[in-house]
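Below you'll find the structure, written out as structure tokens, and then a few comments.
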Amino acid sequence: MGSTRVPWRSGLAAALLCLGLSGCAFLPFPRYGQALPPAHAERAELARVPFFPQEDYQCGPAALATVLQSAGIDRSPQQLVEQVYLPQRQGSLQVELLGASRRAGAVPYVLQAEPDALLREVAAGNPVVVLQDLGLPLLPRWHYAVVVGYDLADKTVILRSGTTERLVMPLHEFDRSWAKGERWAFVALPPDRLPATAREADYVAAAKDFERVSPALGPRAYESALQAWPDNLFARLALGNAAYRSKRLDEASAQYREATVRHPDSGDAWNNLAQVLFEQGRKQEATQAAHRALAIGGPRQDRYAATLAAIEAGAGAAR
């Protein structure tokens, strides 16, 4: 069965920390399913999620290939080994899995460290990568598995894990192993699909990280964010910026103008709109927008002043 290492804490340090806390071994067991919406079933299983038996110490590539394939992205563990497997650590770090997800064209979204976030994603059809410690207190054995089902009546979860395609694990055993890794878990979905538990700020941050790695697909993630949270200023401006970089000025202008309507006190929105309007040959409107940005001020006031000066001089300011 594969293993990995938690990057923020060595195995021995984790064990010593645990032994130093009197209640560490007796933390209260959380109630699974307590906050599930009524529409979510008491049990669910994603039977069609693929399975890749892992080679020694390569649970990271296998788990990642499992969720990517489930999301419709064709990747095999062998294709991912060089991206996520660290031979010197005999495992994969969380950051490597997230980065490889982005390079493959999926938005990785780290879940809230709570049981019902995990269950809600599975109920919505999204398999979840989890980090477990399957070892002993003084001998941790970090491992990635994929949760594909649960049965609250039987108090079990179902995983793709190691060489077992359908591992049924009692909830209390699963949670004990998962809690040792601070209940770290993530889903990896195409940019046009929101996670079931997506939170606005967290998802927009994930979209921002995704765009850095996959700039061609980044706008799709922002579009998904705006469908759920149409007032999000960052996503609106980012979508406008992507259109501007691609010289789609009409589209960029529309996004910036919408940003000024929803956020009339945003200097960035007015400044960006001024620049695009000027490049479209609409100098009077551009000047008005630039004056609005300068009147609002803020930490980028010097940039707004440069935009206005460039418009008045008849040459576009650098963005």
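Among the strands (runs of 3 or more DSSP E) contained in segment 82-164, which hold 2 or more residues that are of a type in the set (Phe, Trp, Tyr) and under 24 Å from THR197 (Cβ atoms)? Filter on segment 82-164 gives 142-151. Considering segment 172-277, the qualifying helices (runs of 4 or more DSSP H), each wholly inside and each with 3 or more residues that are outside the structural domain of VAL107 (by the TED database) and more than 18 Å from VAL107 (Cα to Cα), run over 233-245, 249-262.
Note on segment 278-305: among residues that are under 23 Å from ASP231 (Cβ atoms) and part of a helix (DSSP H, G or I), the one that is most open to solvent (accessible area, probe 1.4 Å) is ARG292. Specify which of the listed residues (ALA153, ALA145, ALA106) is in the same structural domain as ARG75 (by the TED database) and either within 22 Å of ALA35 (Cα to Cα) or surrounded by fewer than 24 Cβ atoms within 10 Å (Cβ to Cβ) (or both). Of the residues listed, the single one that is in the same structural domain as ARG75 (by the TED database) and either within 22 Å of ALA35 (Cα to Cα) or surrounded by fewer than 24 Cβ atoms within 10 Å (Cβ to Cβ) (or both) is ALA153. Within segment 241-281, being among the charged types (D, E, K, R) and touching a helix residue (DSSP H, G or I) at 6+ places or on another chain (Cβ under 8 Å) holds for GLU251, ARG257, GLU258, ARG262, ASP265, ASP268, GLU279.
The values are calculated or read from the model by the stated rules, or taken from the named source; none is laboratory data. What you are looking at is a predicted structure, and each value in this text was computed from that prediction instead of being measured. With ideal geometry, Cβ positions are generated from the backbone for all residues, glycine too; neighbour counts draw on all protein chains shown. For the accessible areas, the whole protein counts, side chains as well, though only heavy atoms, and no ligand, DNA or RNA atoms are used. Shrake-Rupley method; radii C 1.70, N 1.55, O 1.52, S 1.80 Å.
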